[in-house]
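The values are calculated or read from the model by the stated rules, or taken from the named source; none is laboratory data. Since this is a predicted model, take the numbers as computed values, not measurements. When we count neighbours, we look across all protein chains shown, and the Cβ atoms used for this are built from the backbone with ideal geometry, even at glycine. Each accessible area value is taken on the protein alone, full model and side chains, heavy atoms only, with ligands, DNA and RNA left out. Shrake-Rupley method; radii C 1.70, N 1.55, O 1.52, S 1.80 Å.
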Amino acid sequence: MEKLRCLIVFLLVVSCLPTSVAQQKPNIIFLFCDDAGYADFGFQGSKVMITPNLDKLSREGVKFTQGYVTDATCGPSRAGLITGKYQQRFGYQEINVPGYMSENSKYLGDDMGLPLDQKTIADYLKKLGYKNAVYGKWHLGNADRFHPLKRGFDEFYGFRGGARSYFPYKNFNGVHHDNKMERNFGNFEEPKGYATDVLADEAISFIEKNKNNPFFIYLAFNAVHTPMDALDEDLEKFPNLIGKRKEVAAMTLALDRACGKVLDKLKELGIDDNTIIVFSNDNGGPTDKNASLNLPLSGTKSNHLEGGLRVPYLIKWPKKFKAGTVYNYPVSTFDLLPTFYAAGGGDVKDLEDVDGVNLIPFVDGSNEARPHKYLFWKKEARAVCRDNDWKLIRFADRPAELYDLSKDITEQNNLAFQELERTKEMFKKLFDWELTQERPLWMLKQQFEKYDIDRMDRYRTPELVKKEMEKYQKSEQNTTTIKN
Ligand code: CA
(Lines give C-alpha, C1' and ligand atoms only; values in the text may rest on other atoms or scores of the structure.)
Protein backbone atom coordinates (compact mmCIF):
# COMPACT_ATOMS: atom_id res chain seq x y z
CA MET A 1 0.00 0.00 0.00
CA GLU A 2 2.84 2.35 0.96
CA LYS A 3 4.60 1.51 -2.32
CA LEU A 4 1.46 2.26 -4.27
CA ARG A 5 1.08 5.62 -2.50
CA CYS A 6 4.69 6.51 -3.32
CA LEU A 7 4.11 5.56 -6.94
CA ILE A 8 0.99 7.74 -7.15
CA VAL A 9 2.82 10.70 -5.58
CA PHE A 10 5.74 10.17 -7.98
CA LEU A 11 3.45 10.06 -11.00
CA LEU A 12 1.65 13.22 -9.86
CA VAL A 13 4.94 15.09 -9.41
CA VAL A 14 6.25 13.95 -12.80
CA SER A 15 3.05 14.89 -14.60
CA CYS A 16 3.17 18.39 -13.10
CA LEU A 17 6.71 19.15 -14.29
CA PRO A 18 6.50 21.88 -16.92
CA THR A 19 9.22 20.31 -19.08
CA SER A 20 7.34 17.04 -19.46
CA VAL A 21 4.43 18.94 -20.96
CA ALA A 22 6.71 21.07 -23.13
CA GLN A 23 8.62 18.07 -24.41
CA GLN A 24 5.47 16.65 -25.94
CA LYS A 25 5.62 19.40 -28.52
CA PRO A 26 7.86 18.32 -31.38
CA ASN A 27 10.99 20.29 -32.18
CA ILE A 28 11.07 21.61 -35.74
CA ILE A 29 14.10 22.00 -37.96
CA PHE A 30 13.72 23.44 -41.42
CA LEU A 31 16.77 22.72 -43.57
CA PHE A 32 16.49 25.13 -46.48
CA CYS A 33 18.93 25.47 -49.34
CA ASP A 34 19.27 28.07 -52.05
CA ASP A 35 19.21 27.78 -55.86
CA ALA A 36 19.69 23.99 -55.91
CA GLY A 37 18.69 22.00 -58.99
CA TYR A 38 15.62 19.79 -58.76
CA ALA A 39 17.69 16.83 -59.94
CA ASP A 40 20.82 17.51 -57.88
CA PHE A 41 20.32 15.14 -54.94
CA GLY A 42 20.71 11.37 -54.73
CA PHE A 43 17.12 11.05 -53.52
CA GLN A 44 15.98 12.96 -56.61
CA GLY A 45 17.79 10.51 -58.86
CA SER A 46 21.20 12.16 -59.26
CA LYS A 47 24.06 9.79 -60.02
CA VAL A 48 26.58 12.64 -59.84
CA MET A 49 25.87 14.36 -56.52
CA ILE A 50 26.95 12.75 -53.25
CA THR A 51 24.19 13.33 -50.67
CA PRO A 52 24.05 10.28 -48.34
CA ASN A 53 22.60 12.15 -45.36
CA LEU A 54 19.73 13.72 -47.27
CA ASP A 55 19.09 10.43 -49.09
CA LYS A 56 18.73 8.77 -45.68
CA LEU A 57 16.37 11.54 -44.56
CA SER A 58 14.28 10.86 -47.65
CA ARG A 59 14.07 7.13 -46.81
CA GLU A 60 13.10 7.87 -43.22
CA GLY A 61 10.45 10.45 -44.03
CA VAL A 62 7.92 11.61 -46.60
CA LYS A 63 9.02 12.57 -50.07
CA PHE A 64 6.77 15.01 -51.92
CA THR A 65 6.94 14.60 -55.68
CA GLN A 66 5.13 17.91 -56.28
CA GLY A 67 6.57 20.28 -53.70
CA TYR A 68 6.35 23.90 -54.84
CA VAL A 69 7.67 27.26 -53.79
CA THR A 70 5.52 30.40 -54.01
CA ASP A 71 7.95 32.10 -56.38
CA ALA A 72 10.81 31.20 -58.70
CA THR A 73 13.21 33.64 -57.00
CA CYS A 74 14.75 33.90 -53.53
CA GLY A 75 13.13 36.87 -51.77
CA PRO A 76 9.45 36.42 -52.70
CA SER A 77 9.72 32.64 -52.16
CA ARG A 78 10.96 33.26 -48.61
CA ALA A 79 8.25 35.87 -47.99
CA GLY A 80 5.57 33.34 -48.96
CA LEU A 81 6.90 30.50 -46.86
CA ILE A 82 7.55 32.58 -43.76
CA THR A 83 4.04 34.12 -43.76
CA GLY A 84 2.11 31.07 -45.02
CA LYS A 85 0.48 33.04 -47.83
CA TYR A 86 0.83 34.33 -51.37
CA GLN A 87 3.36 37.13 -50.94
CA GLN A 88 1.64 39.14 -53.70
CA ARG A 89 -1.15 39.74 -51.21
CA PHE A 90 1.11 42.19 -49.40
CA GLY A 91 2.94 43.49 -52.46
CA TYR A 92 6.06 41.30 -52.22
CA GLN A 93 6.01 40.30 -55.85
CA GLU A 94 9.51 41.03 -57.03
CA ILE A 95 12.98 40.12 -55.87
CA ASN A 96 14.50 42.71 -53.57
CA VAL A 97 18.04 43.14 -54.73
CA PRO A 98 19.27 46.74 -54.76
CA GLY A 99 20.61 47.74 -58.17
CA TYR A 100 18.06 45.73 -60.12
CA MET A 101 15.09 47.86 -59.15
CA SER A 102 13.13 50.55 -60.94
CA GLU A 103 13.56 54.01 -59.40
CA ASN A 104 9.76 54.35 -59.48
CA SER A 105 9.37 51.75 -56.74
CA LYS A 106 7.62 52.76 -53.52
CA TYR A 107 10.51 51.29 -51.52
CA LEU A 108 14.15 50.86 -52.50
CA GLY A 109 17.40 49.63 -50.98
CA ASP A 110 17.31 48.75 -47.31
CA ASP A 111 13.63 49.73 -47.15
CA MET A 112 12.57 46.72 -49.23
CA GLY A 113 11.48 44.12 -46.70
CA LEU A 114 8.73 41.98 -45.25
CA PRO A 115 5.98 44.46 -44.21
CA LEU A 116 5.84 44.78 -40.44
CA ASP A 117 2.13 43.92 -40.24
CA GLN A 118 2.86 40.42 -41.55
CA LYS A 119 3.30 37.66 -38.97
CA THR A 120 6.00 35.04 -39.47
CA ILE A 121 6.22 31.31 -38.65
CA ALA A 122 8.41 32.30 -35.71
CA ASP A 123 5.81 34.79 -34.39
CA TYR A 124 3.21 32.03 -34.32
CA LEU A 125 5.48 29.34 -32.84
CA LYS A 126 6.62 31.73 -30.14
CA LYS A 127 3.01 31.94 -28.93
CA LEU A 128 3.08 28.16 -28.53
CA GLY A 129 6.19 28.31 -26.32
CA TYR A 130 8.86 27.62 -28.93
CA LYS A 131 12.39 29.01 -28.82
CA ASN A 132 13.23 30.11 -32.38
CA ALA A 133 16.52 30.52 -34.21
CA VAL A 134 17.47 31.41 -37.77
CA TYR A 135 20.88 30.74 -39.27
CA GLY A 136 22.12 31.83 -42.68
CA LYS A 137 20.43 33.89 -45.36
CA TRP A 138 17.61 36.17 -44.25
CA HIS A 139 16.79 38.20 -47.41
CA LEU A 140 13.57 39.65 -46.01
CA GLY A 141 14.86 43.20 -45.59
CA ASN A 142 18.13 44.89 -44.68
CA ALA A 143 16.84 47.72 -42.47
CA ASP A 144 16.95 47.16 -38.72
CA ARG A 145 13.16 47.07 -38.46
CA PHE A 146 13.08 43.90 -40.61
CA HIS A 147 15.72 42.12 -38.52
CA PRO A 148 15.00 38.46 -37.63
CA LEU A 149 15.05 39.26 -33.90
CA LYS A 150 12.11 41.59 -34.55
CA ARG A 151 10.23 38.93 -36.53
CA GLY A 152 9.78 36.29 -33.83
CA PHE A 153 13.27 34.79 -33.71
CA ASP A 154 15.27 34.60 -30.47
CA GLU A 155 18.66 33.94 -32.06
CA PHE A 156 20.31 34.81 -35.37
CA TYR A 157 23.65 34.13 -36.92
CA GLY A 158 23.73 34.94 -40.61
CA PHE A 159 23.47 37.78 -43.10
CA ARG A 160 20.57 40.02 -43.98
CA GLY A 161 21.08 40.07 -47.76
CA GLY A 162 20.75 37.59 -50.61
CA ALA A 163 24.26 36.26 -51.26
CA ARG A 164 27.77 36.45 -49.85
CA SER A 165 31.13 34.68 -49.78
CA TYR A 166 31.32 31.30 -48.05
CA PHE A 167 34.64 32.36 -46.57
CA PRO A 168 35.39 35.19 -44.14
CA TYR A 169 35.84 38.54 -45.86
CA LYS A 170 39.42 39.72 -45.70
CA ASN A 171 38.54 43.35 -46.28
CA PHE A 172 35.74 43.31 -43.74
CA ASN A 173 35.38 47.09 -43.51
CA GLY A 174 34.55 47.53 -47.19
CA VAL A 175 31.61 45.08 -47.12
CA HIS A 176 28.00 46.35 -47.04
CA HIS A 177 26.30 45.48 -43.77
CA ASP A 178 23.75 43.17 -45.40
CA ASN A 179 26.56 40.88 -46.56
CA LYS A 180 28.39 40.69 -43.25
CA MET A 181 27.75 37.79 -40.93
CA GLU A 182 25.95 39.08 -37.88
CA ARG A 183 25.43 37.49 -34.50
CA ASN A 184 22.07 38.47 -33.11
CA PHE A 185 21.64 42.23 -33.53
CA GLY A 186 24.45 44.36 -34.91
CA ASN A 187 27.39 42.21 -33.78
CA PHE A 188 29.24 41.60 -37.02
CA GLU A 189 31.34 38.48 -36.78
CA GLU A 190 32.75 36.69 -39.81
CA PRO A 191 32.59 32.86 -39.86
CA LYS A 192 35.63 30.96 -38.62
CA GLY A 193 35.60 28.56 -41.53
CA TYR A 194 33.43 27.56 -44.49
CA ALA A 195 29.97 29.09 -44.03
CA THR A 196 27.97 25.93 -44.72
CA ASP A 197 29.80 24.05 -41.95
CA VAL A 198 29.70 27.04 -39.59
CA LEU A 199 25.92 27.47 -39.95
CA ALA A 200 25.39 23.80 -39.03
CA ASP A 201 27.66 24.21 -35.99
CA GLU A 202 25.60 27.21 -34.87
CA ALA A 203 22.39 25.16 -35.17
CA ILE A 204 23.97 22.30 -33.20
CA SER A 205 24.97 24.60 -30.38
CA PHE A 206 21.38 25.93 -30.24
CA ILE A 207 20.02 22.36 -30.15
CA GLU A 208 22.30 21.48 -27.24
CA LYS A 209 21.16 24.53 -25.27
CA ASN A 210 17.47 23.94 -25.99
CA LYS A 211 17.16 20.16 -25.93
CA ASN A 212 14.75 20.29 -22.98
CA ASN A 213 12.30 22.77 -24.48
CA PRO A 214 10.54 22.87 -27.85
CA PHE A 215 12.57 24.71 -30.47
CA PHE A 216 12.30 25.78 -34.09
CA ILE A 217 15.37 26.22 -36.25
CA TYR A 218 15.18 27.84 -39.67
CA LEU A 219 18.53 26.78 -41.09
CA ALA A 220 18.67 28.78 -44.31
CA PHE A 221 21.89 27.75 -46.01
CA ASN A 222 23.11 30.03 -48.80
CA ALA A 223 24.41 26.86 -50.50
CA VAL A 224 24.35 26.41 -53.44
CA HIS A 225 23.78 30.02 -54.52
CA THR A 226 26.67 31.87 -56.16
CA PRO A 227 29.53 32.72 -55.50
CA MET A 228 30.84 29.27 -56.35
CA ASP A 229 33.04 28.89 -53.28
CA ALA A 230 34.00 25.32 -52.45
CA LEU A 231 36.56 23.57 -50.26
CA ASP A 232 39.46 21.82 -52.03
CA GLU A 233 38.78 18.54 -50.25
CA ASP A 234 35.17 18.61 -51.49
CA LEU A 235 36.20 19.47 -55.06
CA GLU A 236 38.54 16.47 -55.09
CA LYS A 237 35.57 14.13 -54.70
CA PHE A 238 34.42 14.94 -58.25
CA PRO A 239 37.39 14.15 -60.52
CA ASN A 240 35.20 13.67 -63.60
CA LEU A 241 33.63 17.12 -63.51
CA ILE A 242 35.02 20.49 -64.46
CA GLY A 243 34.07 24.13 -64.05
CA LYS A 244 30.93 25.25 -62.25
CA ARG A 245 29.42 21.75 -62.26
CA LYS A 246 32.37 20.50 -60.21
CA GLU A 247 31.94 23.46 -57.85
CA VAL A 248 28.20 22.98 -57.38
CA ALA A 249 28.78 19.28 -56.69
CA ALA A 250 31.35 20.14 -54.01
CA MET A 251 29.04 22.78 -52.48
CA THR A 252 26.19 20.24 -52.42
CA LEU A 253 28.43 17.70 -50.71
CA ALA A 254 29.20 20.30 -48.02
CA LEU A 255 25.48 21.04 -47.68
CA ASP A 256 24.75 17.35 -47.19
CA ARG A 257 27.55 17.03 -44.63
CA ALA A 258 26.17 20.02 -42.70
CA CYS A 259 22.62 18.59 -42.69
CA GLY A 260 24.04 15.22 -41.58
CA LYS A 261 25.83 16.82 -38.61
CA VAL A 262 22.57 18.36 -37.40
CA LEU A 263 20.64 15.10 -37.82
CA ASP A 264 23.35 13.12 -36.00
CA LYS A 265 23.22 15.53 -33.06
CA LEU A 266 19.49 14.92 -32.64
CA LYS A 267 20.10 11.19 -32.53
CA GLU A 268 22.96 11.57 -30.06
CA LEU A 269 20.71 13.58 -27.73
CA GLY A 270 17.85 11.11 -28.14
CA ILE A 271 15.44 13.74 -29.47
CA ASP A 272 15.30 12.68 -33.12
CA ASP A 273 11.98 10.84 -32.70
CA ASN A 274 10.33 14.00 -31.42
CA THR A 275 11.76 16.34 -34.05
CA ILE A 276 10.16 17.27 -37.36
CA ILE A 277 12.74 17.75 -40.11
CA VAL A 278 11.88 19.49 -43.34
CA PHE A 279 14.26 19.80 -46.25
CA SER A 280 13.53 22.02 -49.26
CA ASN A 281 14.97 24.64 -51.58
CA ASP A 282 13.86 28.20 -52.33
CA ASN A 283 13.57 28.14 -56.15
CA GLY A 284 14.63 26.12 -59.16
CA GLY A 285 18.28 25.86 -60.14
CA PRO A 286 19.69 28.73 -62.25
CA THR A 287 21.59 26.49 -64.65
CA ASP A 288 23.45 29.40 -66.26
CA LYS A 289 24.76 30.69 -62.91
CA ASN A 290 25.67 27.57 -60.91
CA ALA A 291 25.41 24.69 -63.40
CA SER A 292 22.53 23.18 -61.45
CA LEU A 293 20.29 20.62 -63.17
CA ASN A 294 16.49 20.53 -63.03
CA LEU A 295 15.72 17.70 -65.48
CA PRO A 296 13.23 16.16 -66.13
CA LEU A 297 11.79 19.60 -65.41
CA SER A 298 12.39 22.27 -68.04
CA GLY A 299 13.19 25.89 -67.26
CA THR A 300 15.14 27.41 -64.36
CA LYS A 301 15.08 29.88 -61.53
CA SER A 302 13.07 33.05 -62.31
CA ASN A 303 10.68 31.49 -64.83
CA HIS A 304 7.38 29.71 -64.43
CA LEU A 305 8.14 26.34 -65.96
CA GLU A 306 8.26 23.51 -63.44
CA GLY A 307 12.05 23.85 -63.27
CA GLY A 308 11.60 27.24 -61.63
CA LEU A 309 8.84 26.32 -59.20
CA ARG A 310 9.00 22.64 -58.25
CA VAL A 311 11.63 21.78 -55.64
CA PRO A 312 12.91 18.86 -53.56
CA TYR A 313 10.62 18.61 -50.52
CA LEU A 314 10.97 16.17 -47.60
CA ILE A 315 9.35 15.92 -44.18
CA LYS A 316 10.43 13.46 -41.53
CA TRP A 317 8.33 13.09 -38.39
CA PRO A 318 8.85 9.63 -36.92
CA LYS A 319 5.96 9.89 -34.46
CA LYS A 320 3.40 10.70 -37.15
CA PHE A 321 4.53 9.82 -40.65
CA LYS A 322 5.55 6.40 -41.92
CA ALA A 323 9.10 6.12 -43.24
CA GLY A 324 9.33 5.84 -46.99
CA THR A 325 6.00 7.56 -47.72
CA VAL A 326 5.71 9.20 -51.13
CA TYR A 327 3.10 11.96 -51.37
CA ASN A 328 2.00 12.84 -54.88
CA TYR A 329 -0.48 15.75 -54.67
CA PRO A 330 0.90 19.28 -55.02
CA VAL A 331 1.94 21.08 -51.83
CA SER A 332 3.68 24.41 -51.32
CA THR A 333 6.21 25.85 -48.93
CA PHE A 334 3.44 28.15 -47.62
CA ASP A 335 1.85 25.01 -46.14
CA LEU A 336 4.71 24.73 -43.64
CA LEU A 337 3.48 27.54 -41.38
CA PRO A 338 0.07 25.95 -40.67
CA THR A 339 1.66 22.49 -40.53
CA PHE A 340 4.22 23.57 -37.93
CA TYR A 341 1.60 25.50 -35.97
CA ALA A 342 -0.70 22.49 -35.82
CA ALA A 343 2.19 20.16 -34.93
CA GLY A 344 3.06 22.50 -32.05
CA GLY A 345 -0.46 22.17 -30.64
CA GLY A 346 -1.94 25.34 -32.15
CA ASP A 347 -5.38 25.59 -33.69
CA VAL A 348 -5.02 26.62 -37.34
CA LYS A 349 -8.22 28.67 -37.00
CA ASP A 350 -6.12 31.16 -35.01
CA LEU A 351 -3.93 31.89 -38.05
CA GLU A 352 -4.60 35.20 -39.70
CA ASP A 353 -5.68 34.80 -43.25
CA VAL A 354 -3.14 32.25 -44.55
CA ASP A 355 -3.27 30.44 -47.91
CA GLY A 356 -1.31 27.40 -46.76
CA VAL A 357 -2.98 24.37 -45.20
CA ASN A 358 -1.98 22.02 -42.41
CA LEU A 359 -0.49 19.04 -44.28
CA ILE A 360 -0.67 16.56 -41.37
CA PRO A 361 -4.12 15.04 -42.16
CA PHE A 362 -3.25 14.81 -45.85
CA VAL A 363 0.06 13.07 -45.30
CA ASP A 364 -1.13 10.65 -42.59
CA GLY A 365 -3.98 9.57 -44.87
CA SER A 366 -6.92 10.84 -42.80
CA ASN A 367 -7.82 13.30 -45.58
CA GLU A 368 -7.51 11.80 -49.05
CA ALA A 369 -8.40 14.98 -50.94
CA ARG A 370 -5.90 17.32 -52.60
CA PRO A 371 -4.53 19.98 -50.25
CA HIS A 372 -4.97 22.53 -53.07
CA LYS A 373 -7.24 22.35 -56.09
CA TYR A 374 -5.71 25.61 -57.33
CA LEU A 375 -2.24 27.10 -57.02
CA PHE A 376 -1.09 30.42 -58.49
CA TRP A 377 2.17 32.19 -59.27
CA LYS A 378 2.75 35.66 -60.66
CA LYS A 379 5.40 38.13 -61.64
CA GLU A 380 4.29 41.18 -63.59
CA ALA A 381 2.43 40.03 -66.74
CA ARG A 382 3.70 36.47 -66.38
CA ALA A 383 1.48 34.26 -64.26
CA VAL A 384 0.40 30.67 -63.70
CA CYS A 385 -2.84 29.00 -62.74
CA ARG A 386 -2.66 25.36 -61.76
CA ASP A 387 -6.08 23.64 -61.64
CA ASN A 388 -5.68 20.03 -60.53
CA ASP A 389 -3.09 18.72 -63.01
CA TRP A 390 -3.66 21.40 -65.65
CA LYS A 391 -1.22 24.28 -65.77
CA LEU A 392 -1.81 27.51 -67.67
CA ILE A 393 1.16 29.84 -68.14
CA ARG A 394 0.48 33.40 -69.28
CA PHE A 395 3.33 35.27 -70.95
CA ALA A 396 4.01 38.86 -71.95
CA ASP A 397 5.70 38.03 -75.26
CA ARG A 398 3.77 35.00 -76.63
CA PRO A 399 0.40 33.25 -76.40
CA ALA A 400 -0.43 31.40 -73.21
CA GLU A 401 0.54 27.73 -72.91
CA LEU A 402 -1.38 24.89 -71.31
CA TYR A 403 0.10 21.63 -70.05
CA ASP A 404 -1.29 18.45 -68.58
CA LEU A 405 1.29 17.78 -65.88
CA SER A 406 -0.04 14.29 -65.21
CA LYS A 407 1.30 13.26 -68.63
CA ASP A 408 3.83 15.96 -69.48
CA ILE A 409 6.04 16.90 -66.54
CA THR A 410 8.63 18.43 -68.90
CA GLU A 411 6.02 20.79 -70.42
CA GLN A 412 6.76 20.06 -74.07
CA ASN A 413 3.25 19.50 -75.44
CA ASN A 414 1.29 22.77 -75.40
CA LEU A 415 -2.46 22.02 -75.43
CA ALA A 416 -3.74 25.62 -75.21
CA PHE A 417 -5.31 25.57 -78.67
CA GLN A 418 -6.72 22.06 -78.44
CA GLU A 419 -8.26 22.84 -75.03
CA LEU A 420 -9.50 26.32 -75.82
CA GLU A 421 -12.47 26.26 -73.41
CA ARG A 422 -10.29 25.08 -70.54
CA THR A 423 -7.71 27.73 -71.40
CA LYS A 424 -10.38 30.44 -71.29
CA GLU A 425 -11.74 29.21 -67.94
CA MET A 426 -8.30 29.11 -66.40
CA PHE A 427 -7.54 32.62 -67.66
CA LYS A 428 -10.62 33.81 -65.80
CA LYS A 429 -9.65 31.93 -62.67
CA LEU A 430 -6.18 33.49 -62.77
CA PHE A 431 -7.67 36.95 -63.24
CA ASP A 432 -10.04 36.43 -60.28
CA TRP A 433 -7.06 35.54 -58.11
CA GLU A 434 -5.05 38.54 -59.34
CA LEU A 435 -7.87 40.88 -58.35
CA THR A 436 -7.28 39.92 -54.71
CA GLN A 437 -3.57 40.87 -54.79
CA GLU A 438 -1.76 44.09 -53.89
CA ARG A 439 0.33 46.07 -56.35
CA PRO A 440 4.09 45.46 -55.92
CA LEU A 441 5.85 47.55 -53.26
CA TRP A 442 8.88 47.64 -55.55
CA MET A 443 9.49 46.67 -59.17
CA LEU A 444 12.37 45.26 -61.13
CA LYS A 445 13.68 47.30 -64.01
CA GLN A 446 11.68 46.25 -67.06
CA GLN A 447 14.79 45.00 -68.88
CA PHE A 448 15.08 42.03 -66.49
CA GLU A 449 11.83 40.59 -67.82
CA LYS A 450 13.75 39.93 -71.03
CA TYR A 451 16.56 38.27 -69.11
CA ASP A 452 14.08 35.89 -67.46
CA ILE A 453 12.40 35.00 -70.75
CA ASP A 454 15.73 34.44 -72.52
CA ARG A 455 16.90 32.22 -69.69
CA MET A 456 13.70 30.18 -69.93
CA ASP A 457 14.11 29.67 -73.68
CA ARG A 458 17.74 28.70 -73.26
CA TYR A 459 16.70 25.76 -71.05
CA ARG A 460 13.33 25.06 -72.68
CA THR A 461 13.97 21.43 -73.74
CA PRO A 462 15.91 18.49 -72.27
CA GLU A 463 18.06 18.46 -75.41
CA LEU A 464 19.22 22.05 -74.83
CA VAL A 465 20.02 21.31 -71.19
CA LYS A 466 21.90 18.07 -71.93
CA LYS A 467 23.97 19.82 -74.58
CA GLU A 468 25.01 22.50 -72.09
CA MET A 469 25.83 19.91 -69.41
CA GLU A 470 28.29 18.15 -71.73
CA LYS A 471 30.79 20.98 -71.29
CA TYR A 472 31.16 20.18 -67.58
CA GLN A 473 32.10 16.55 -68.17
CA LYS A 474 35.79 15.82 -68.24
CA SER A 475 36.93 14.50 -71.58
CA GLU A 476 40.12 14.82 -73.55
CA GLN A 477 38.72 17.74 -75.52
CA ASN A 478 37.40 19.57 -72.45
CA THR A 479 40.63 19.04 -70.50
CA THR A 480 42.58 20.56 -73.38
CA THR A 481 40.20 23.54 -73.47
CA ILE A 482 40.69 24.13 -69.75
CA LYS A 483 44.50 23.90 -70.00
CA ASN A 484 44.46 26.44 -72.78
CA1 CA B 1 17.37 31.25 -54.35
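Using Cβ point charges alone (K and R +1, D and E -1), the dipole size of region 349-436 about the Cα centre works out to roughly 260 debye. With θ taken as phi - 60° and the Karplus curve 6.51 cos²θ - 1.76 cosθ + 1.60 applied, the whole-hertz 3J(HN,Hα) list for region 362-377 is 6, 6, 7, x, 6, 10, 8, 6, 6, x, 9, 6, 10, 9, 10, 9 Hz, x standing for glycine and proline.
Across Arg460, Arg257, the residue with the most accessible area heads the list, and the full order at a 1.4 Å probe is Arg257, Arg460.
By accessible area, using a 1.4 Å probe on protein heavy atoms only, region 123-238 has 49% of its surface on carbon and sulfur.
What ranking, highest mean first, results for peptides 445-451, 50-56, 405-411 when packing means the other Cβ atoms within 10 Å averaged over each residue? Let's see the in-between values first.
On the way: 445-451: 13.1, 50-56: 19.1, 405-411: 15.6.
Answer by packing, highest mean first, reads 50-56, 405-411, 445-451.
Between Thr325 and Asp353, the FRET efficiency estimated from the beta carbon spacing at R0 = 41 angstrom works out to 0.85. Highest mean first, the peptides 306-313, 115-122 sorted by other C-beta atoms within 10 Å per residue fall in the order 306-313, 115-122.
In this structure, the amide hydrogen of Tyr313, modeled 1.01 Å from its nitrogen in the peptide plane, lies closer than 5 angstrom to those of Phe64, counting only residues at least 5 positions away or on a different chain. Neighbours of Arg164, meaning other residues whose beta-carbon lies under 9 angstrom from its beta-carbon, give a summed charge of +1 when Lys and Arg score +1 and Asp and Glu score -1. Excluding ligands, DNA and RNA, the accessible surface per residue across the chain is 41 Å² with a 1.4 Å probe. Of the residues Gly42, Leu263, Met181, the one whose Cα sits farthest toward the positive end of the charge dipole of the chain, with +1 on the Cβ of Lys and Arg and -1 on the Cβ of Asp and Glu, is Leu263. For region 174-220, rounded, prolate or oblate, judged on the Cα gyration tensor with a ≥ b ≥ c (square roots of eigenvalues), a/c < 1.5 rounded, else prolate if a/b > b/c? Because a/c hits 1.5 or more and a/b exceeds b/c, region 174-220 counts as prolate. Using amide H atoms built 1.01 Å from N in the peptide plane, name the residues 5+ places from Asn281, or on other chains, whose amide H lies under 5 Å from its own. It is Cys33, by chain and number. Computed extension gain for Asp454 through Phe395, at 0.36 nm per residue and net of the alpha carbon distance, reaches 20.0 nm. For the chain, the convex hull spanned by the alpha carbon atoms encloses 164 Å³ per residue.
DSSP assigns beta bridges within the chain; of those with both partners inside it, close to 50 percent run antiparallel.
Exceedance of the 29 Å cut-off in Cα-Cα distance is limited, within the set Lys209/Lys316; Lys63/Lys85; Lys237/Lys320; Lys85/Lys466; Lys47/Lys445; Lys180/Lys466, to Lys237/Lys320; Lys85/Lys466; Lys47/Lys445; Lys180/Lys466. What shape does region 217-279 have by the C-alpha gyration tensor, where a ≥ b ≥ c are the square roots of the eigenvalues, rounded means a/c under 1.5, and otherwise prolate means a/b greater than b/c and oblate the rest? Cα axes put region 217-279 in the prolate bin.
Protection proxy ranking, highest mean first, for peptides 225-234, 322-331, 183-192, 291-300: 291-300, 225-234, 322-331, 183-192, where packing is the per-residue count of other beta-carbon atoms within 10 Å, averaged. Whole-Hz Karplus values for region 48-58 come out as 9, 6, 10, 9, x, 6, 6, 5, 5, 4, 4 Hz, taken residue by residue from phi with 6.51 cos²θ - 1.76 cosθ + 1.60 and θ = phi - 60°; glycine and proline positions read x. Projecting the Cα atoms of His225, Gly109, Tyr157 onto the charge dipole of the chain (Cβ charges, centred on the Cα centre) puts Tyr157 farthest toward the positive pole.
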